[in-house]
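Notes to accompany the following structure.
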Amino acid sequence: MLTYSMEDRGGLPLYEYLYRRIREDVLSGALTVGEKLPSKRALAEHLGVSVITVEGAYAQLEAEGYVSARPRSGFFVSQVERGAPGTVPPPALPPQPERMWRLDLKTNRVDAARFPLAAWARLTRQTLSEEGAAILSPLPHQGLPALRRAICADLRDYRGLSVSPEQIVVGAGAEYLYLLLAQLLGRETVLAVEDPGYPKIRQVYEKSGVRCVSIPLDGEGMDPAALRAAGAGAAHLSPAHQYPTGLVTPIRRRQELLRWAEETGGVLIEDDYDSELRFSGRPIPPLQSIDRAGCVVYLNTFSQTIAPSIRMGYLVLPPRLAERYRRELDFYACTVPATEQFVLARFLERGYYEQHLARMRTEYRARRAAVLDAFRRSAFANRVRISEQGAGLHFLMRLETGRTDAQIAARAAELGVRLAFLSEYTRRRAPEFDHTLVVNYAGLERERLGEAAALLEEIFAE
């Protein structure tokens, strides 16, 4: 007769505890193949539990194939692959500790304290109370129509783009949109990426099976002649404010890139990274605004302007690619939760987003000026040359030093400071990339500027 102590079951229901104990005996070989289990009533009386408890355990064992029932005969142990008795499960992976930095100039953190959480919470409550079953219903594959209409209106009013909701595909952040584009363009397409450039762009495309070629940037961005020489069929670029160099592609070069796309049938993927955060003059018009042949895919996210954790972005596909998307990729469900899409649609429609952007431009303009002023008044000021374009949440700072970037980074890490270098963003070895820091200043509070300057002074000391 099977005998188990039913007292120390760790809070499990009786039937589940009994099921687990019998399963262990089957897997260990304590119960042999073909062996008959006690009748439900006999085992219940023996263990002091109800017949229903034994029925539940036997039913689960039968459902998973550990035992089989024979009419009017009872339950018998099935043939299963047995593990070694007392096998210890593999240890769980240890958690990766996240280092806490005294100063982090590599990570581009958005200032969450400036976000209108009260307004977002109010819109969330309204959405939950007013939308009802719509929140629980399946969404169109390209995203909530109300959100796509709101994005169209925002692009029309503030970016000068005239597009329809049918051209927009909403997705969970830039990386997911890169994956969609890789499938839309096809693995046979040779994709050009900027060098220097954001490494994750190339990583995502290559993991999707797309062959990437690096195109060195000149003073105006990507050179169409280099695209032709590389045999590229598409190019991923950021003409409004390139990361990390800060380059702005002038109109002449933009027209040349469009001519390349028209003549070759190529596609330009315009990654409009942090274009909203321009602090002097008018925003640079998107490349797609002067595209007359339908060659440009426009890509943007709300990671920089709202928060990275919101994981929401969108594509604006030219008509020919929008048609191909519906024909070939429309089986993908939208990856952004319905509630967040409803809330963001209201956030855009009711003007909260533009108000928030205006406040962020004011804050970051002041913060940028304070950081630049502090660095220019620091003890290392005569050894650095700062290059900035009056836009975005980073700038470049070239340091006069005889040490390598790796040596400087190691010294910084010893002091709890995290630095990024332009040499990390290129696949080429060139002297002009050495000793140039990519300073992401968004998370640097003004009250800590003195401490930051003192730490950098210690790091830069020869």
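The values are calculated or read from the model by the stated rules, or taken from the named source; none is laboratory data. Everything quoted here is computed from the prediction, not taken from an experiment. Please note: Cβ atoms are built from the backbone with ideal geometry, for glycine as well, and neighbour counts cover all protein chains shown.
The table that follows gives values for the structure above.
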read-out	value
Long-range neighbours under 6 Å by Cβ, at least six apart or interchain, first residue closer than 15 Å to Leu61 by Cα and among the hydrophobic types (A, V, I, L, M, F, W, C) within segment 22-47, second assigned to a loop (DSSP other than H, G, I, E, B) and at pLDDT 90 or above	Val26/Tyr66; Val33/Gln79
Filtered residue count, segment 376-395, keeping only those that are within 26 Å of Gln242 (Cα to Cα) and either at pLDDT 95 or above or more than 32 Å from the chain's Cα centre (by Cα) (or both)	5
Selection status of Gly11, free of Cβ contacts under 8 Å to residues at least 40 places away in the same chain and out of contact with any helix residue (DSSP H, G or I) (no Cβ under 7 Å at 6 or more places or on another chain)	yes
Top-ranked residue in segment 279-298 [being touching a helix residue (DSSP H, G or I) at 6+ places or on another chain (Cβ under 8 Å) and over 16 Å from Arg320 (Cα atoms); ranked as surrounded by the fewest Cβ atoms within 10 Å (Cβ to Cβ)]	Ile290
Residue check, Ser238 crowded, with 23+ Cβ neighbours inside 10 Å and at negative phi	yes
Filter result for the condition that a residue is modelled with pLDDT of 95 or more and closer than 19 Å to Glu276 by Cα, over Arg159, Arg148	Arg148
Strands (runs of 3 or more DSSP E) wholly inside segment 180-272 that include at least 2 residues being in contact with a His (Cβ under 9 Å, 6 or more places away or on another chain) and within 23 Å of Glu328 (Cβ to Cβ)	190-195, 267-271
Single residue of Arg282, Arg324, Arg311, Arg278 found to be at pLDDT 95 or above and charged (D, E, K, R)	Arg324
Every residue from segment 299-332 that is in contact with a Gly (Cβ under 9 Å, 6 or more places away or on another chain), of a type in the set (Gly, Ala, Ser) and surrounded by fewer than 21 Cβ atoms within 10 Å (Cβ to Cβ)	Ser303
Condition met for Tyr176 (under 21 Å from Arg327 (Cα atoms), touching a strand residue (DSSP E or B) at 6+ places or on another chain (Cβ under 8 Å), assigned by TED's automatic domain parsing to the domain that holds Pro283 and part of a helix (DSSP H, G or I))	yes
Residue check, Arg411 surrounded by 14 or more Cβ atoms within 10 Å (Cβ to Cβ), in contact with a helix residue (DSSP H, G or I) (Cβ under 9 Å, 6 or more places away or on another chain), outside the structural domain of Thr305 (by TED's automatic domain parsing) and not small (Gly, Ala, Ser)	yes
Filter result for the condition that a residue is surrounded by 13 or more Cβ atoms within 10 Å (Cβ to Cβ), within 30 Å of Met397 (Cα to Cα) and in contact with a helix residue (DSSP H, G or I) (Cβ under 7 Å, 6 or more places away or on another chain), over Val169, Val110	Val110
Segment 41-67, subset touching a Ser or Thr at 6+ places or on another chain (Cβ under 9 Å) and not hydrophobic (A, V, I, L, M, F, W, C), residue surrounded by the most Cβ atoms within 10 Å (Cβ to Cβ)	Tyr66
Filter result for Thr305 (assigned by TED's automatic domain parsing to the domain that holds Ser275 and either under 30 Å from Arg446 (Cα atoms) or of a type in the set (D, E, K, R) (or both))	yes
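The rows are residues; the columns are (1) at pLDDT below 90; (2) under 30 Å from Val417 (Cβ atoms); (3) touching a Lys or Arg at 6+ places or on another chain (Cβ under 6 Å); (4) part of a loop (DSSP other than H, G, I, E, B).
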residue: Val33; (1), (2), (3), (4): no, no, no, yes
residue: Gly56; (1), (2), (3), (4): no, no, no, no
residue: Gln60; (1), (2), (3), (4): no, no, no, no
residue: Arg72; (1), (2), (3), (4): yes, no, no, yes
residue: Phe76; (1), (2), (3), (4): no, no, yes, no
residue: Pro89; (1), (2), (3), (4): yes, no, no, yes
